[in-house]
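Enquirer: Here it is, the structure in full.
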């Protein structure tokens with residue numbers, strides 16, 4: 001996707017708050033993903049109703065150990081993150097050397113476990 005598909009911050013807010021076709025929202029999301037801007041793609045994937053693509057991004061976030069993306073993606077999908085998923089996030093984070101994320105994911109797993 002061309003960089004021109006990615007809106008400036010003000011246009012982004014207007015697009016997310018206003019009318020935007022699912023096709024256009026999906027194109028913007030894919031443009032963000034192509035640039036490695038996964039966090040910014042999530043809201044556009046949700047606006048597009050692209051839950052299957054959101055699931056894919058979420059799975060990649062789990063494998064990469066990205067606590068933020070897992071939390072936000074799960075929230076947009078309308079579900080809680082279970083302990084086993086948090087343990088997977090912790091493992092992915094540890095493998096990537098993301099010690100802070102690994103610690104946070106383990107803490108969240110413990111909180112879910114009770």
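Enquirer: In degrees from 0 to 90, rounded to the nearest 10, what is the angle of the helix 22-34 Cα long axis to the longest principal axis of the chain?
Expert: Once rounded, one gets 60 degrees.
Enquirer: Here is a further query. If you consider only alpha-carbon coordinates, what radius of gyration and Dmax does segment 51-114 have, in Å?
Expert: Here Rg and the maximum Cα pair distance are 10.7, 31 Å.
Enquirer: Compute the helix-to-body angle for 83-95: its Cα long axis versus the longest principal axis of the chain, expressed 0 to 90° and rounded to tens.
Expert: Helix 83-95 and the main axis of the chain meet at about 90 degrees.
Enquirer: Can you tell me the relative contact order of the chain? Whole percent, Cα pairs under 8 Å, sequence separation 6 or more.
Expert: Computed value for the chain: 19 percent relative contact order.
Enquirer: Averaging sequence separations of C-alpha pairs under 8 Å and six or more residues apart, then dividing by the length of segment 1-49, give the relative contact order as a whole percent.
Expert: 43
Enquirer: Expressed as an acute angle from 0 to 90° and rounded to the nearest 10, what is the orientation of the C-alpha long axis of helix 51-64 relative to the principal long axis of the chain?
Expert: That works out to roughly 40 degrees.
Enquirer: Using every Cα-Cα pair within the chain, state what percent have a distance larger than 16 Å.
Expert: Distances greater than 16 Å cover 59 percent of the Cα pairs.
Where a number appears in this text, it was derived from the coordinates with a stated rule and is not lab data. Every value quoted in this text rests on a predicted model; they were computed, and no experiment measured them.
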